[in-house]
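Student: Following this message is one structure expressed as structure tokens.
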Amino acid sequence: MFEIFGGILGGALGGIFRLAPEVLKFFDKKNERLHEMAMFSRQCELEQIRGQQKLAEIGAQREAAIDVGVMDAFNAAINQQAEMVKAAGGWAASLSASVRPVVTYWILLIWSLAHFWYAWTGYRTGLDPTEVFKLFMSPDFSALLAGTINYWFLDRTLKQRGI
């Protein structure tokens, strides 16, 4: 009886050991497919990021080209104005040359007086000086002031560089 039981046990163990590598291969392929799926997903994410970077690069190149065009137009306008002033000569040239400084001083004077008035009025009514300052240092005023002052410094910088 032991021989029959031993034969059955041996056959069962042999079958199990023969099937074990096949079961291990099945789980290994399953893990391999999961790994391939994860790698493919990561590769898709990488390609998406590369595409976004390429679009950002193209946008930056476009903006740089626009900036170069704006600077060229600015330079051409300055050169054209300088040639018109030279061609006019005499008092017309002096008058033309005085327009930008006079307008600049006028803008700065008007805005400065308005802001001093607001500050004085705020002080008399008892408002906090920092709040008054925040009110009259609006984005519009900052842009106007910065644009006016930058125009003069940028103009001089461009002239010094010969642009």
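The values are calculated or read from the model by the stated rules, or taken from the named source; none is laboratory data. No experiment lies behind these values; they were computed from the predicted model shown. Backbone-built Cβ (ideal geometry, glycine too); neighbour counts: all protein chains shown.
Student: Going by what's in this entry, would R100 be described as out of contact with any Leu (no Cβ under 8 Å at 6 or more places or on another chain), at pLDDT below 80, within 23 Å of L154 (Cβ to Cβ) and of a type in the set (D, E, K, R)?
Tutor: yes
Student: Could I ask something else about it? Could you grab me the full set of residues in the range 107-163 that are assigned to a loop (DSSP other than H, G, I, E, B), within 31 Å of the chain's Cα centre (by Cα) and either over 30 Å from A76 (Cβ atoms) or of a type in the set (S, T, Y) (or both)?
Tutor: Residues of the range 107-163 assigned to a loop (DSSP other than H, G, I, E, B): 126-128, 137-138, 162-163.
Among the residues that remain, those that are also within 31 Å of the chain's Cα centre (by Cα) are: 137-138, 162-163.
Passing the criteria: M137, S138.
Student: Hey, another quick one. Looking at A60, A38 in this structure, which one is surrounded by 10 or more Cβ atoms within 10 Å (Cβ to Cβ), outside the structural domain of L154 (by TED's automatic domain parsing) and within 30 Å of R161 (Cβ to Cβ)? Full working, then the answer.
Tutor: Values: A38 fails: within 30 Å of R161 (Cβ to Cβ).
None of the others qualify; the one that does is A60.
Student: Sticking with this structure for a sec: Search the range 129-151 for residues that are closer than 21 Å to W106 by Cβ and pair each with any residue that is surrounded by 13 or more Cβ atoms within 10 Å (Cβ to Cβ) when their beta-carbon atoms are under 6 Å apart and the residues are at least 6 apart or on different chains.
Tutor: So the pair list comes out as F136/H115; F136/Y118; T148/T104; T148/I107.
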